[in-house]
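Structure, as structure tokens:
Laboratory data are not the source of any read-out in this text; all were calculated from the coordinates shown. Nothing here was measured: the structure is a model prediction, and the numbers come from that model. With ideal geometry, Cβ positions are generated from the backbone for all residues, glycine too; neighbour counts draw on all protein chains shown.
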Amino acid sequence: MYKATANLVLPTTIIGSLPRPAWYTVNLGNKSFLEAMVNSRFREQYTDALSVYLRDQETAGLDICTDGDCRFDEEVGGQSWTSYPPKHMSGFDSDTVALPGSGGGTAFPRGHILHDYVEAKIFPSIVGPVGRGKLQYVELWKAAQRLTRKPVKFGTITPELLAFAVGDKHYKSVADRIMALSDAFNAELHALADAGCPVIQMEEPQIHLVAVRGLMDDVINPQFMLKVFNNTVRGLRKKTEVWCHSCWGNPSQQRMFAKVQSYAPALEVMSQVDADVITFETCSSGGIDLPAIGKHIKQQKVGIGVIDHHTLQVERPEEVAALIRRALEHIPAERLVICSDCGMGREGMSRRHAQYKMVSLVLGTNMVRKDLGLPEAQCLAADRRYSLVT
């Protein structure tokens, strides 16, 4: 159900995370969000950080905002993206941990910055049936949405990525573990949709990563990953707008692959996800997959990344506009969403860099809007009336 992007042509947003303010020093840990908000210092810092994230997005002129992943703790490589659910869902034991590397995944050699990321993979283990527990996605979204009139998109990791990371002393198979987590997420996301959240974003279904690596067994294959995604979001599109976010990874703003990867092997399966919008990392790849994306993705709207989250170089608006124009050769404007490749808050980027990347995203989109005779977004950050230099 199109809600946030309904009646908008070339709507703009970021994928999710933003760099953490230096003064935002509190961490949630194993406490539930509501328990933490009882503490006056946590409440003040959390609410202030949310306000900063939302105001920066509004000042840039984005159409759809996020909470900047404000709930996540300061963990190496942004591991809190993965560790938040097992620290707050039922069925996990924080005293029974999965040691680094025991959950599988990509390994990096000693001496590589991402080896720290591997060493930081210490998560609770499953010891009983998993459930929603104290995820409290509803309360997290409300805390952000009540601070802005713009729609706030709420994102969460997908169940298969979580299943691959944690230890398990309960389920008999990986497939059983994944589907149990999928069912628990579905229940939580329905509560979020019922509360009024306008966009729910599922982050990193493994369809494209499994396909590009050529992995194929009973569980790790594109068709099973498709089944997991559609089960996790089942029924949601009757209530809210569902996004499927895909990229090639960005812990500590690092590339996970030595060479540029292509979505081509996965697009036929990705076209079957039960989502309203599918996002693709296209800026860092130079837009190599735009023709194939346009050919295969016909039902959903397409979010193209026009901002590279790996680099501190701020894209010029002209570069953003050029990439959008290339996308329009293959995807109609009515089905095009403009976003960043991925999140910008995984350790390596300053708040100022992220702010001006968002500004450039909007200014570049405005150039194309002007070409098409569409209304341009107000970008206060670039308004000459408020410049400190005349």
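Once C-alpha pairs closer than 8 Å and six or more residues apart are averaged by separation and normalised to the residue number of the range 1-149, the relative contact order reads 26 percent. Potential lengthening of the chain between K172 and K142 amounts to 7.1 nm, from the contour at 0.36 nm per residue minus the alpha-carbon distance.
Which value, in debye to the nearest 20, describes the size of the charge dipole of the range 163-250 about its Cα centre when Lys and Arg Cβ atoms bear +1, Asp and Glu Cβ atoms bear -1, and nothing else is charged? Mind showing how you got there, number by number?
Numbers: 9 positive and 10 negative charges, 32 e Å.
In total the dipole reaches around 160 debye.
Among the cysteines of the chain, those whose beta-carbon sits 4.7 Å or more from every other cysteine beta-carbon are C65, C70, C197, C244, C283, C339, C379.
Centroid-to-centroid, using Cα positions, the range 153-169 and the range 211-228 are 16 Å apart.
Put in order of Cβ neighbour count within 10 Å, fewest first, the listed residues T240, T148, T25 become T25, T148, T240. DSSP bridge analysis restricted to the chain gives an antiparallel fraction near 15%, rounded to the nearest 5.
Could you work out the per residue convex hull volume over the alpha carbons of the range 279-366, in cubic angstrom?
81 Å³
Computed from backbone phi with θ = phi - 60° and the Karplus coefficients 6.51, -1.76 and 1.60, the 3J(HN,Hα) list for the range 206-212 is 7, 4, 6, 5, 5, 5, 5 Hz; x is used for glycine and proline.
With a Förster radius of 22 Å, plug the Cβ-Cβ distance of K31 and A195 into 1/(1 + (r/R0)^6) and report the FRET value to the nearest 0.05.
Numbers: r = 21 Å, r/R0 = 0.96.
The calculated FRET efficiency here is 0.55.
The length gained on full extension between R325 and R149, counted as 0.36 nm times the residue separation minus their Cα-Cα distance, comes to 60.4 nm.
Per DSSP helix of 4 or more residues, -39500 (n - 2.57); summed, then divided by the residues of the chain. What does that give at 222 nm, rounded to the nearest 500?
One gets -11000 deg cm²/dmol as the mean residue ellipticity at 222 nm.
Here Y24, Y171, Y263 are placed in order of increasing Cβ neighbour count within 10 Å, fewest first, which gives Y24, Y171, Y263. Taking other C-beta atoms within 10 angstrom as a stand-in for reagent exposure, W23, W243, W81, W141 fall in the order W23, W141, W81, W243, fewest first. The longest part of the chain holding none of the exposed loop trypsin sites (Lys or Arg not before Pro), meaning those outside H, G, I, E and B in DSSP with at most 11 other Cβ atoms within 10 Å, is 1-109. Taking Cβ atoms as reference points and 15 Å as the exclusive limit, the residues near H296 contribute a net charge of +2, counting Lys and Arg as +1 and Asp and Glu as -1. Figure legend: label point modelled 7 angstrom from the Cα of D116 along Cα→Cβ; residues of the range 234-262 with amide N under 11 Å from it are 252-253. Once both labels are modelled 7 Å past Cα along the beta-carbon direction, what's the S387-K295 spacing in nm? Inter-label distance under the simple model: 4.5 nm.
When the charge dipole of the chain is built from unit charges on Cβ atoms (+1 for Lys and Arg, -1 for Asp and Glu) and taken about the Cα centre, the candidate among Y84, H245, C197 whose Cα reaches farthest toward its positive end is C197.
Given Cα pairs under 8 Å that are at least 6 residues apart, what percent is the relative contact order of the range 254-312? Relative contact order for the range 254-312 comes out at 42 percent.
Separation of the alpha carbons by more than 32 angstrom is noted, of K3/K227; K172/K259; K295/K370; K238/K370, for K172/K259; K238/K370.
Annotation: the range 33-382 has a Kirkwood hydrodynamic radius of 20.7 angstrom, from the mean reciprocal C-alpha pair distance. Here the chain is treated with +1 on each Lys and Arg Cβ and -1 on each Asp and Glu Cβ, and its dipole about the Cα centre works out to around 620 debye. Here the Karplus curve 6.51 cos²θ - 1.76 cosθ + 1.60, taken at θ = phi - 60°, turns the phi angles of the range 191-200 into couplings of 4, 5, 5, 5, 6, x, 4, x, 9, 10 Hz, with x standing for Gly and Pro.
Across the range 307-318, computed HN-Hα scalar couplings (Karplus, 6.51 cos²θ - 1.76 cosθ + 1.60, θ = phi - 60°) run 10, 8, 7, 8, 10, 7, 5, 7, 4, 6, x, 5 Hz from first to last residue, x flagging Gly and Pro. Close amide H contacts of F123 (hydrogens built in the peptide plane, cut-off under 5 Å, sequence separation of 5 or more or a different chain): A98. Note on E318 and Y2: the extension gain reaches 110.8 nm, defined as 0.36 nm multiplied by sequence separation minus the Cα-Cα distance. Highest GNM mean-square fluctuation among T13, T59, T282, for the chain modelled with Cα contacts below 10 Å: T59.
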